[in-house]
Structure formats: C-alpha cells, structure tokens
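Below is one structure, written out as structure tokens, with a few remarks after it.
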Amino acid sequence: MSTLSTEVLIIGSGAGGAVSAALLAEAGRKVTVVEEGSWLDPDDCEPFSLEELVTKYRNQGLSAALGTPGVAYAEGRCVGGGTEINSGLYRRLPHDLSQEWVRRYQIADFDTATLDRYATEVEDYLGVSRLPGPPPPASAILEDGAAKLGWRATEFERAFRYESSGRAVKQTMARTFVPRGTAAGAELIADCRVSKITFEGTRATGATCVRTRPDGSTEPLTIRADHVIVCGGAIQTPALLQRSGIHGTIGTGLKFHPTIKVAARFGHSLDHGEVPMHRVMEFGPFLTIGGSASRKGHVALALADTSVPYADALADWRNVAVYYAAIRGGNGRVRAVPGLRSPLVTYHLSEADMSRLARGLVHLGEVLLAAGSTELYPGLAGGPVVRSPEELVQWWDAFKRGTANVMTVHLTSTVRMGEDRERTGADSYGRVHGYTNLRVNDSSLLPDAPGVNPQAAIMAIAARNCAQFLSA
C-alpha cells in the first residue's frame, strides 16, 4: 500500500475540480487531484464519436435514472470530466434565478455583482465568445423557424478559441485549467478511484483509493490531507459522501433538465460536426428548445426512438438533424448501495412536468416545420411521423409515461449550498455541514436546475468558493 500527503486533496477534475486545483495551486497551496478516469488527449478522438463514447463516458454512456419514464443521462469519466464530452455552450446563471436561490436557501455572498465578477474571470481565460461568422445551417434553422413564428431565439456563447487556420477548439478542462493547475505545482493522479473519505471526528483526514497501473493491475493508495474538496459531480459526489458515512440531505433533491428529441428531415443537407448554437427561449425559463449532436449514429438513435420504420430517413441521414425540448422539472435521489460499485439513481416527473414536456415537443415540431422540415420523427415509441402543423396534435395523445424517451446531460443539486440546513448539505461556500475541512465544489451545489448548461455557473461558483477558502 502506498501513502502520500498533501495539503488539499481534490477529488474529480471536471469544471469544479479543475478550477479549484488551478486557483489553489496558484495561491501556493500543495494540491493533489485524483481522477477516476484516464488522462486522454482532447484531440485523440473525434468529438461525439463512438470512440469518445467508449473512452470518455461513464458506463460508455449507458446510465439511467429509474422511474416512469426512466431518464437516460451522461457523465464524463476522464480527466476534465463533463467538459470533455459536452458541447461547449456557455451561459451564465440567470440573475433572477440566483436571487431566488439566495432567498430560498439563504446563500451568503451570492449577489449578481459577485457572481458576474468571477464569471468574467473565467470567461476571459477560456475565451468565451460567439461565432466569428454566420451560424451553420443546423443552428440557423432554429433562428429562422423562431423568427417566422415571432418567437424569441438567441445564439449561446461557447467556450471555444479559434486558431489562425479557422479551426474551432473547445476549451475543455484538459486543455485549460488542468494544465494551468499542474503548471502551478498541482499533482494529478489519473485512473484513481476514491473508495472513502477518512475522518477523525468532524475533521476529514484524507481518502482511501484504488489506483490502476498502466498494465491494468491495481494497488491501494492512502492520501493524507489537511483539506478535502469533493468535485465528482451530482451523481458521484453524493455517492462518495454516503459511502463515507455522511447522509442527511446528501443525495436528495437531484435535478435534471428532462429532454425529449426529434429527428428532423429537410430537403437539403445539413452540417453534422457541431451542436447548434441557437436556442429558442420564448418559453423560458422552464422550457428551452435547442439542437443536439447529429452525427450519423446520433441520427440513427433518434430515429430509432420512434419505433416506426425509418430506413428511408436513415439512408438520407445527411439531410436529418436532431433537436430537443428541455424543461426544468422533476426530482430525484442518489443512493450508494453497499456492495454495488454504482449508486442507485431514481427520478420522478410529475403530471405537470409531463404536460410541460409534451408541450415542449409540440412547440419543437412547430419551429422545425416553420423552418422547412419535411418530416419529423419524435422521441415517442410508436409516435406518429409528422409532416404538417395540423398533424402535431397527434403527439399530445401519443405522449405517455410509457412511450416518452427522455434523457438529459445536465445533473445538479444533490448537495445544495446555503445556510438553511433543512434544505442544504453544505454552507454558502460548499463546506459540508458538520465538518470543519470537508468541502464540495461542483454541480451538486447548485440548489436547482438552472435552465441552461450549468458549466458557467459551476465554474463561477467554484472560483468564488476558492477565494473564500483562501481568505479564511
């Protein structure tokens, strides 16, 4: 058994963990980051490819929350976490929502000016910006369809930089904050799963881990630390805390953006390399319409969701793109089960949530038909293929718990921050209630689903929490 010591142990290297590692190492703290997944060069595999699915996703992308309907979800499992597999779309936490959280959960130092200051620092470093030219066709479809209906649409910014060749490079954590942290002295240990956090009374003393060697063999590793910061995401963070004996509100309040998709066929070819940048915000903040990854495999999966013949559309896949409607709704739970490596995840959508999601599906059909789609395949088992606005009413009757194929890529809220201990698992800066030196600094701190990609909020909050840690 190997043993090492550090000042700050950070568990996880995604948006929260990577930011924490870089900022604390640059402040002179001795930082060790452990990551369950492997170090993979961001350029080693094509974005949204089968190879990426196999190498960078937990369970090779096959994860689901139990419920009716069940909700498929995706987690990154590699250095950089979810930032390596997401679209790079970047949207700040809406101000009205952050202030609602302040009132409901009693969060200190969470005013708009403070959040914007840290968000600006992150954005300047990542080079967050809009497209330097016109949007690609698949994204312009949403803008065009919304304009024809008189609906509000907007282009989301992205965490991308543009090389002199014109190549757009997604600014993942493996490209940015992880190397920034290691350049400042942080040690990164990949292929290392944390089994439990260790304690002496209310003080965390480190963690017990299992490290996988390059030859595939494993060895136990004990890490001693003055401070422990858990950044494993909304599923793995509560599971680890529970395995370590911390329960209470931990793992409750799981929030998703439940999402249903449509494969839309057009009379012309579309781009399939990137995720569309435009979003229809007419029905926000509880309903958003956008575009998804649309490589051939994604198109095939979306067509298969309808459970109706689709061979002709698949043969014409270059003219097909995948779009979605997502809501803020539902509630779930994460439970670590003794003897099982993966936690049990459950999720429930109320009748109101289901109605809102069905409404979103119909609105999605409206905007795609307005933009010129000739054929729509909904994410409903046995759902009718629609070719005109008059036929969309059929989706209302077909939308049921047993037919809807629901998924998500945004997972939040299983610890929640704030001073209201009955509703939260950590204080306003991520310190776990009842523990002196154990913190959380990832998506699980967000008290609710933000209605947009949560990466911007995660990174700004992580930077804010690190500043408070350093000043304490």
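Every number in this text was worked out from the coordinates using simple rules, so none of it is lab data. Remember, it's a predicted structure, so these values are computed and weren't measured experimentally. Cβ atoms come from the backbone with ideal geometry, glycine included; neighbour counts cover every protein chain shown.
When H227, H410 are ordered from fewest to most other Cβ atoms inside 10 Å of their Cβ, what list results?
H227, H410
Computed from the coordinates I sent, mean projected area of the Cα convex hull in nm² equals one of [x] 20.6; [y] 26.7; [z] 21.8. Tell me the label.
[z]
Give me M281, M459 ranked fewest to most by other Cβ atoms within 10 Å of their Cβ, as a rough exposure proxy.
Ordered by Cβ neighbours within 10 Å, fewest first: M281, M459.
Any chance you could run the full-extension gain for R130 through D312? It's 0.36 nm times the residue separation minus the Cα-Cα distance, nm to one decimal.
61.9 nm
Do any of K170/K261; K56/K196; K148/K170; K196/K261 go past 27 Å between their Cα atoms, and which?
Flagged as over cut-off: K148/K170; K196/K261.
Per the helix-only calculation at 222 nm, which mean residue ellipticity applies to the chain, given -39500 (n - 2.57) for every DSSP H run of n ≥ 4 and division by its residues, nearest 500 deg cm²/dmol?
-8500 deg cm²/dmol
Which residues in segment 106-128 place their backbone N less than 17 Å from a point set 7 Å from the Cα of Q99 along the Cα-to-Cβ direction?
106-117
Please give the net charge around P137, taking every other residue with its beta carbon less than 10 angstrom from that of P137, where Lys and Arg add +1 and Asp and Glu add -1.
-2
Report the relative contact order of the chain, percent, no decimals, based on alpha-carbon pairs under 8 angstrom and at least 6 residues apart.
About 23 percent, as a whole number.
Work out the length of the dipole vector of segment 367-430 about its Cα centre, built from +1 on the beta-carbon of each Lys and Arg and -1 on the beta-carbon of each Asp and Glu, and round it to the nearest 20 debye.
160 debye
At 7 Å along the Cα-to-beta-carbon direction for both R335 and L62, put a label point, then send me their distance in nm to one decimal.
For the pair R335/L62, the computed spacing is 2.4 nm.
Among the GluC sites (Glu not before Pro) in segment 372-456, which ones are in a DSSP loop with at most 14 other Cβ atoms within 10 Å of the Cβ? Mind listing them?
Here the sparse-neighbourhood loop sites are E419, E422.
Which net charge results when you count Lys and Arg as +1 and Asp and Glu as -1 among the other residues whose beta-carbon is under 13 Å from that of V386?
Counting the neighbours of V386, the net charge comes to -3.
Determine which aspartates and glutamates satisfy two conditions relative to K30: a Cα distance under 16 Å, and not lying fewer than 8 residues away in the same chain.
Of all the aspartates and glutamates, those that pass the test against K30 - Cα under 16 Å, at least 8 places apart if same chain - are E7, E187, D226.
Using the basic label-point model (7 angstrom from Cα toward the beta carbon), what is the T120 to S49 distance in nanometres?
Label-label distance for T120 and S49, simple model: 4.0 nm.
May I ask you to list the trypsin sites (Lys or Arg not before Pro) in segment 422-472 that are in a DSSP loop and have at most 16 other Cβ atoms within 10 Å of their Cβ?
R423
Mind giving me the FRET efficiency for K296 and A27? R0 is 45 Å, r the Cβ-Cβ distance, nearest 0.05 is fine.
My answer for the efficiency is 0.45.
May I ask for the net charge around G291, where only other residues with Cβ less than 12 Å from the Cβ of G291 are counted and Lys, Arg are +1 while Asp, Glu are -1?
Taking every other residue near G291 into account, the sum is -2.
Of the beta bridges DSSP finds with both residues in the chain, what % are antiparallel, to the nearest 5?
Of those bridges, close to 70 percent are antiparallel.
Using the 10 angstrom Cβ neighbour count as an exposure proxy, how do C192, C466, C45 rank, fewest first?
C45, C192, C466
When the chain is fully extended, how far beyond the present Cα-Cα distance does D111 get from S164, taking 0.36 nm per residue of separation?
Residue separation times 0.36 nm, minus the Cα-Cα distance, leaves 15.2 nm.
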